[in-house]
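One structure below.
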Amino acid sequence: MKRRSVTQWSDERGVNLIEIMIAVAVTLVVVTAGFTVLATTNKSMRANGQVADTQQNVRVAMEMISRDVKLAGYGMVGSAVGACNTAIVPADNNPAGPDAGPDSVSLVVPTTSSVAPLWTLAAAAGPGFNQITLQAGAVGPAATAGTMQSAGLAVNSVISLAGATTATVSAIGGNTLTLNPPVAAPASFPAGTPVYLLQCITYQVIPSPDPNQVCQGNSPCLTRGVAAAALNCNVAGSPCAPITAGIEDLQLAYGCDGCNAAVNGGIADGIIDDQNASNSFDQADFLTNTTWATSPLTPSTIMLVQVNIVARQTSADEGLGEGTPGSMVLSGPVVISDHNPVNDATYDAATYGQFRRRLLIRTVDARNLRL
């Protein structure tokens with residue numbers, strides 16, 4: 001057998017320890033970089049999803065409030081509806097000065113059935129009448145979805161006939177409703193006229209923490225509910241239901257006509273009162289700090305409602321630069337109208353900065369309030 005030369009053994013040697021360590025180090029760098037990219041991409045995807053959800057939440061909240069502001073009143077005349085003595089009941093967080101929390105508002109709105117979206121007269125009524133008969137199955141029983149009783153109809157409820165006139169129900173017999181006082185002549189309505197149940201509903205933001213569990217574990221949230229005897233949703237056994245999660249602030253300002261004695265002698269002229277005498281319509285013409293209880297500042301003078309809604313993400317972004325400039329997160333509090341969150345009892349700068357926020361502002365024509 002021939003012996004291999006030293007040169008042959010040298011040509012066939014393996015890798016040494018230093019080369020192995022270098023290879024392992026390079027591999028670790030590549031793997032770490034890959035995991036970093038993957039983790040960052042995953043966080044970005046979750047953050048983008050949360051941003052989309054936040055924008056959707058604030059839009060849903062705005063659409064619901066705007067719709068009910070437009071419908072508020074719906075021909076309401078005279079009798080109170082539930083806890084609403086007027087078609088709109090503003091509730092500023094602090095009428096005496098800067099707010100330390102969200103506003104709320106109660107509105108009289110028409111209610112129909114989600115199953116049978118229209119209740120109608122089965123026969124003509126009038127001129128002048130104290131009873132109306134609705135189509136078969138419209139009134140009861142309360143356990144059947146789509147009936148007026150399932151929607152809340154009861155003795156002393158207020159109904160609206162086509163938004164033209166309102167009446168109080170004094171008795172219910174089958175599909176026939178007795179009205180007291182009667183609707184006076186010459187009012188008359190043909191068969192097929194839509195009939196609406198009027199209800200007093202309240203919009204209110206429930207902040208965190210939520211000891212009454214009104215938001216069902218998803219505070220802060222926007223709630224909506226029928227206010228039968230009180231205009232407060234933030235109570236145990238709340239009559240209101242959460243409709244949108246992540247709604248952190250609701251600020252409302254009102255433009256009115258005939259609410260300022262110094263403008264046009266306090267006489268309504270179809271133009272928003274120029275509160276700051278600037279001879280132009282501007283932000284100062286919207287009022288916030290008032291109870292709307294003393295003439296001429298009464299709800300009947302309201303023509304425009306400016307709705308300001310702040311929505312936040314329902315969870316933090318987990319380390320994507322929350323609260324820093326350029327991160328799409330407002331580093332300071334979102335100040336709207338007369339509310340600066342810094343004044344809130346529960347404000348904490350570190351916690352506040354962990355969430356992205358979206359602000360949506362809309363001016364709504366309250367077209368039914370002056371009927």
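Any residue that is in a loop (DSSP other than H, G, I, E, B), over 23 Å from Asp68 (Cβ atoms), at pLDDT below 90 and not hydrophobic (A, V, I, L, M, F, W, C) - is there at least one of those in the stretch 304-314? Let's see the steps before the verdict.
Restricting attention to the stretch 304-314, the residues satisfying the condition of being in a loop (DSSP other than H, G, I, E, B) are 313-314.
Okay, now just the ones that are also over 23 Å from Asp68 (Cβ atoms), so 313-314.
Checking which are at pLDDT below 90 leaves us with 313-314.
Still in the list and also not hydrophobic (A, V, I, L, M, F, W, C): 313-314.
So far as the stretch 304-314 goes, yes, one or more of its residues are in a loop (DSSP other than H, G, I, E, B), over 23 Å from Asp68 (Cβ atoms), at pLDDT below 90 and not hydrophobic (A, V, I, L, M, F, W, C).
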Problem set entry | Residue count, the stretch 57-110 (criterion: β-branched (Val, Ile, Thr), within 17 Å of Ile309 (Cβ to Cβ) and part of a strand (DSSP E or B)) | 1
For this session: Go through (1) closer than 16 Å to Ser79 by Cβ; (2) not hydrophobic (A, V, I, L, M, F, W, C); (3) not in a loop (DSSP other than H, G, I, E, B) and name the single condition Gly152 misses.
Result: (3)
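Quick grid of which residues meet (1) surrounded by fewer than 18 Cβ atoms within 10 Å (Cβ to Cβ); (2) closer than 30 Å to Ile336 by Cα; (3) of a type outside the set (Lys, Arg):
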| position | (1), (2), (3) |
| --- | --- |
| Gly75 | no, no, yes |
| Val89 | no, yes, yes |
| Asp92 | no, yes, yes |
| Pro102 | no, yes, yes |
| Trp119 | no, no, yes |
| Ile132 | no, no, yes |
| Ala162 | yes, no, yes |
Exercise. Which residues, counting only those in the stretch 257-284, are more than 14 Å from Ser300 (Cβ to Cβ), more than 28 Å from the chain's Cα centre (by Cα) and not in a loop (DSSP other than H, G, I, E, B)?
Worked result: Asn264, Gly265
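Residues checked against (1) at pLDDT 90 or above; (2) more than 33 Å from the chain's Cα centre (by Cα):
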residue: Thr120; (1), (2): yes, no
residue: Ala124; (1), (2): yes, yes
residue: Ile132; (1), (2): yes, yes
residue: Ala136; (1), (2): yes, yes
residue: Ala143; (1), (2): no, no
residue: Thr147; (1), (2): no, no
residue: Ser150; (1), (2): no, no
residue: Ala154; (1), (2): yes, no
residue: Ile159; (1), (2): yes, no
For this session: Give the residues of the stretch 230-253 that are in a loop (DSSP other than H, G, I, E, B), surrounded by 17 or more Cβ atoms within 10 Å (Cβ to Cβ) and small (Gly, Ala, Ser), sorted by residue number.
Result: Ser238, Gly246
Seminar exercise, completed: Restricting attention to the stretch 179-225, the residues that are outside any strand (DSSP E or B) and either small (Gly, Ala, Ser) or touching a residue at least 60 places away in the same chain (Cβ under 8 Å) (or both) number exactly 16
Exercise. So which residues in the stretch 187-229 are more than 28 Å from Leu118 (Cα to Cα), touching a strand residue (DSSP E or B) at 6+ places or on another chain (Cβ under 9 Å) and surrounded by fewer than 17 Cβ atoms within 10 Å (Cβ to Cβ)?
Worked result: Ser208, Asn212, Gln216, Asn218
Exercise. If you scan the stretch 275-295, which residues turn out to be loosely packed, with under 13 Cβ neighbours inside 10 Å, over 14 Å from Gln251 (Cβ atoms) and among the polar types (S, T, N, Q)?
Worked result: Asn276, Ser278, Asn279, Ser280, Thr291, Thr294, Ser295
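The values are calculated or read from the model by the stated rules, or taken from the named source; none is laboratory data. The structure presented is a predicted model; accordingly, all values stated were derived computationally and were not measured. Don't worry about glycine lacking a Cβ; one is built from the backbone with ideal geometry, like all the others, and counts go over all protein chains shown.
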